[in-house]
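Below is one structure, written out as structure tokens, with a few remarks after it.
The values are calculated or read from the model by the stated rules, or taken from the named source; none is laboratory data. Everything quoted here is computed from the prediction, not taken from an experiment. Reconstructed Cβ throughout: ideal geometry from the backbone, glycine too, with neighbour counts over all protein chains shown. We work out accessible area using only protein heavy atoms, side chains counted, and drop any ligands, DNA or RNA first. Shrake-Rupley method; radii C 1.70, N 1.55, O 1.52, S 1.80 Å.
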Amino acid sequence: MPDPGIPPAGTAAPGEAAERDFAVVGTPFRRVDGRAKVTGSTRFADDLSWPRMAFVKLARSTVPHARIRGIDLTRAERVPGVLGFLTGADLPSTFGILPVSQDEHALARDLVRHVGDPIAAVAATSEDAAHEAALAIEVDYELLPTIGSVEEAIATPEPRLHGYADRGNLHKVVSMEFGDVEAGFAEADRVFEDLFFYDGNTHLPLEQHATVALPEDEGRVTVWSSTQTPHYLHRALTRVLGLPASHIRVVATPNGGGFGGKSDPFGHEIVCAAMALKLGRPARIALTREEVFYCHRGRHPVLMRLRTGVRADGTLTGQSLETTLDGGAYGSYGVASTYYTGALQTVTYRLPRYRFEAIRAFTNKPACGPKRGHGTPQPRFGWEVQLDKIAVELGLDPAALRLRNLEQPGTVTANWLRLGTVGLGSCIEAVVAGSRFRERWGRMPEGRGLGLACGSYLCGAGLPIYWNHMPQSGVAIHLDRGGGVAVFCGQTEIGQGSDSVLAAVVAEVLGVGLADIRLQVADTAFTPVDLGSYSSRVTLMVGHAAREAAERARETIARAVAAQLEVPAERLVFAERRVFDAADPGRGLAWEEAVIAAEARFGTLATTGSYIPPRSPGKYRGAGVGPSPTYSYSAAVVEVEVDRETGVWRPVQVWIAHDIGRAINPALVVGQVEGSVYMGLGEAMMEESAFRRLPKARSHALVHKFPSVLEYKSLTFEEMPPVTTYLIEEPDPAGPFGAKEVGQGPLLPIPPACANAIFDAVGVRIDQVPIHPHMVLKALEAKAKGRPPRHGPERFPEVEAELKLATGRKSKDGTMTERDEALRAGSVAVLTTKLEGKRGE
């Protein structure tokens, strides 16, 4: 049970009390789409239907890497009910989410790059007929070498999966240094070096991908899709279909979960629109669960080498991080993912000097991309486990070590990220007190242990994917004479409660009830642009835009009411569906009367609001990844039980604190925190995207081992432990009403806290996730034999050699290397910054 001095979820921590003078903000309320969700009236993409609907299915590659020599549709054409086909020749233009990686075809033209790559599409009068016809499509392949790992990508520079890669089949090579890291190591009493591995995994939303397209007059088309990013899907459709942007409308239907897996534009969405236009009738495609595994865009497998300098008292002096990412067959968000494996290392603890080097390799697997925490859980796992090792080796308390090195609010980190409020210290104190960590850590019975870890995440990316000076989020409000408030915004509800946040902000400013608000969201034809539900950006960015639009509406109404009541406008109060005089609350107008008075005076009432994040102080190549208006922070303690005989371990209790700034709806916030805990435990215990080769197949096919929820393991109610959640409220000026993100950050401390708890329980280190029982047994066996009590990756000389070659560290004799020449030409992203006197600039 939590310590009685620690507040329950939904209240502020001691010393962090936030004034609560709001009517809606800060009060738990039922989500505005809750009734529709529980009654089944929410219409997801696959629920939509029109007369004469055509059903679309895809023929997918059965080999991992090959040239397409021919496609034979003869047998497929004979299937009753078939309406038409599309191949790569019909859709020759490439697309992608990032401007630097427009490397995908809706249907493969010349090459297939992984098992499951879409090759042809068929439409039929029934889904069964379309499925039968897709299976009847015959493809003639010329097999090419299969690349199944980063090491194989390094060893196989040709043939290239994509011609634009930085080097052979290395998609991206990154090297950055901030300050003299070697000097930092020289100042240290100890330099700790560890190798960690974080396996890939997938999102596993309940809803599979689905898209419906409706052709309209004048060659226009409307597309409804389960996407997190309707704005970017609209761009991709415009590019591939060759239509004017104004002729395409995209509506993001409510998502049954996304977690990043629906952040890319996908080939099936484009194919569905193209098929509808070709046939002149509505078309629908719904992917099977196996096909969702082929779409993937899940967590990158990342190998990490981490070196950290520390003084005897625990003060950090510098860090060097190397990461290698298995990116799969396409770019996706991969360039950003690569930078994210290093960008946020500096925002929790003060690192005066920092070096980051990384490579992302193309392999013949489904493409990796953004999953909850996008690129940051992997290095955070290594960093927090290494901190635990440092604490043990130096005889320090793990909580005290972290508190000693906390970054301070308002500072600029070594890699030029400007911080807002930092509630991490309060988070640590909350979970340490609640779990009685200081009293119990290192003193529990054999087989029981506690682990502490922390994390941080963005409150929205500071820059848009396509750099420009336009708002990243916009909101429009229309007030009608009946008192209704119509709110238009391009944000996408993916289950996280963003509709409720949007409605709450507007209701708070105007003093009306949530029932007065009607939302029109995620429609590129009718709503202002919002860039999408990713990077935990919606609460902060949409919230600011909504507040600005609502405040403008309030100002307009206040002018009209002030004139009618003959009182100063600044003395008016908007509350309880009234506008009244603060000096004489009995004098005022009902909300509907106030709206009518304003419309009579000013005409139709409509206002807009928008938000552009502040620019980052960093000015270097790669500085676009990492900046955010502010950052959220989390700390967690996990208690585990480990069976020494079997290696089986289970979480017994989780205590987690999240620096939320101010909770717009505490009930939703707690749900997001506990959802992150659930996902983090799954990644720590069992989730992995495993692949296997078929040695007898002529192609040496590399196939997904578990493309099914029956075999891909995730947590059930049986494994999910009790969770005690603390919301740390210190309103951040950068957020609307002081709010920060909560959708992704709380996942980060969970996997390393589990690993640290296993060490406390049985004295062995597991330096990789997921942590399987056999790994625990191997480490215990090593311990019994007097070897280092550890299980994890060993050194990969090929990877380390390639990093040194690709990033070109100076040779020991100090002579000029390839990297030094490249630096002079500006072709490698490197920044060496002398920080003395500049951190506060």
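Residues are listed down the side, and each one gets a yes or a no for (1) surrounded by 15 or more Cβ atoms within 10 Å (Cβ to Cβ); (2) in contact with a Phe, Trp or Tyr (Cβ under 7 Å, 6 or more places away or on another chain); (3) assigned to a loop (DSSP other than H, G, I, E, B):
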{"residue": "Glu645", "(1), (2), (3)": "no, no, yes"}
{"residue": "Val673", "(1), (2), (3)": "yes, no, no"}
{"residue": "Ala684", "(1), (2), (3)": "yes, no, no"}
{"residue": "Pro695", "(1), (2), (3)": "no, no, yes"}
{"residue": "Val703", "(1), (2), (3)": "yes, yes, no"}
{"residue": "Glu711", "(1), (2), (3)": "no, no, yes"}
{"residue": "Thr725", "(1), (2), (3)": "yes, no, no"}
{"residue": "Asp732", "(1), (2), (3)": "yes, no, yes"}
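In the range 193-213, what count of residues is obtained for those that are surrounded by fewer than 24 Cβ atoms within 10 Å (Cβ to Cβ) and more than 30 Å from His234 (Cβ to Cβ)?
5
Out of all the residues in the range 170-187, which are in contact with a Lys or Arg (Cβ under 7 Å, 6 or more places away or on another chain) and open to solvent by 60 Å² or more (accessible area, probe 1.4 Å)?
Correct list: Asp180 only.
Keeping to the range 559-618, report how many residues are part of a helix (DSSP H, G or I) and of a type outside the set (Gly, Ala, Ser). Spell out how you get there, then give the answer.
As a first pass, look at the range 559-618 and keep what is part of a helix (DSSP H, G or I): 559-565, 569-571, 591-602.
Narrowing further to those that are of a type outside the set (Gly, Ala, Ser): 559, 561, 564-565, 570-571, 591-593, 595-596, 599, 601-602.
Matching residues across the range 559-618 total 14.
Could you pull out the residue among Arg795, Arg787 that is open to solvent by 70 Å² or more (accessible area, probe 1.4 Å), at pLDDT below 95 and not in a helix (DSSP H, G or I)? Please lay out each step first, then the result.
Values: Arg787 fails: at pLDDT below 95.
The match here is Arg795.
Quick one: in the range 369-394, of everything that is open to solvent by 10 Å² or more (accessible area, probe 1.4 Å) and more than 20 Å from the chain's Cα centre (by Cα), which residue is nearest to Gln496 (Cα to Cα)?
Across the range 369-394, the extreme among qualifying residues is Lys389.
Between a first residue in the range 439-452 that is at positive phi and a second residue that is open to solvent by 50 Å² or more (accessible area, probe 1.4 Å), which pairs have beta carbons less than 8 Å apart while being 6 or more apart in sequence or on different chains?
Gly447/Glu641; Gly447/Asp643; Gly447/Arg644
Go through (1) at pLDDT 95 or above; (2) open to solvent by less than 30 Å² (accessible area, probe 1.4 Å); (3) farther than 28 Å from His131 by Cβ and name the single condition Glu104 misses.
For Glu104, the failing item is (3).
Can you name every residue in the range 214-240 that is hydroxyl-bearing (Ser, Thr, Tyr) and open to solvent by 30 Å² or more (accessible area, probe 1.4 Å)?
Of everything in the range 214-240, just one residue is hydroxyl-bearing (Ser, Thr, Tyr) and open to solvent by 30 Å² or more (accessible area, probe 1.4 Å), namely Thr238.
Name the strands (runs of 3 or more DSSP E) wholly within the range 400-513 that hold at least 2 residues that are small (Gly, Ala, Ser) and either more than 27 Å from Asn756 (Cα to Cα) or open to solvent by 10 Å² or more (accessible area, probe 1.4 Å) (or both)?
473-479
Can you tell me how many residues within the range 302-352 are part of a loop (DSSP other than H, G, I, E, B), on the phi < 0 side of the Ramachandran plot and crowded, with 24+ Cβ neighbours inside 10 Å? Steps first, please.
To start, the set of residues in the range 302-352 that are part of a loop (DSSP other than H, G, I, E, B) comprises 311-315, 327-333, 347-348, 350-352.
The next check asks that each one be on the phi < 0 side of the Ramachandran plot; those that pass are 311-313, 315, 327, 329-331, 333, 347-348, 350-352.
In the following step, the residues that additionally are crowded, with 24+ Cβ neighbours inside 10 Å were identified as 327, 329-331, 333, 347-348, 351.
Residues flagged as part of a loop (DSSP other than H, G, I, E, B), on the phi < 0 side of the Ramachandran plot and crowded, with 24+ Cβ neighbours inside 10 Å within the range 302-352 amount to 8.
Pick from the range 599-629 the residues that are among the small types (Gly, Ala, Ser) and over 28 Å from the mean Cα position of the chain (by Cα): which of them is surrounded by the fewest Cβ atoms within 10 Å (Cβ to Cβ)?
Per the criteria, the residue is Gly603.
Test of understanding: among Arg167, Arg113, Arg160, Arg190, which residue is open to solvent by 10 Å² or more (accessible area, probe 1.4 Å) and in the same structural domain as Asn255 (by TED's automatic domain parsing)?
Matching residue, one of Arg167, Arg113, Arg160, Arg190: Arg113.
Every residue in the range 272-298 that is part of a loop (DSSP other than H, G, I, E, B) and under 12 Å from Val223 (Cα atoms), please.
Answer for the range 272-298, where residues must be part of a loop (DSSP other than H, G, I, E, B) and under 12 Å from Val223 (Cα atoms): just Pro282.
Among the listed residues Phe526, Phe580, which satisfies the condition of being surrounded by fewer than 21 Cβ atoms within 10 Å (Cβ to Cβ) and of a type in the set (Phe, Trp, Tyr)?
On the way: Phe580 fails: surrounded by fewer than 21 Cβ atoms within 10 Å (Cβ to Cβ).
The unique qualifying residue is Phe526.
Report yes if some residue within the range 116-124 is open to solvent by 50 Å² or more (accessible area, probe 1.4 Å) and either modelled with pLDDT of 95 or more or over 30 Å from Gly148 (Cα atoms) (or both); otherwise report no.
No, because not a single residue in the range 116-124 is open to solvent by 50 Å² or more (accessible area, probe 1.4 Å) and either modelled with pLDDT of 95 or more or over 30 Å from Gly148 (Cα atoms) (or both).
If only one of Pro230, Pro244 is assigned by TED's automatic domain parsing to the domain that holds Arg289 and either within 17 Å of the chain's Cα centre (by Cα) or aromatic (Phe, Trp, Tyr) (or both), which one is it?
Selected residue: Pro230, the only one of Pro230, Pro244 that is assigned by TED's automatic domain parsing to the domain that holds Arg289 and either within 17 Å of the chain's Cα centre (by Cα) or aromatic (Phe, Trp, Tyr) (or both).
Select from the range 552-577 the residues that are without any contact (Cβ under 8 Å) to a residue 40 or more places away in the chain and open to solvent by 50 Å² or more (accessible area, probe 1.4 Å) and list them in ascending order.
The answer is Glu555, Gln564, Glu566, Pro568, Glu570, Arg571.
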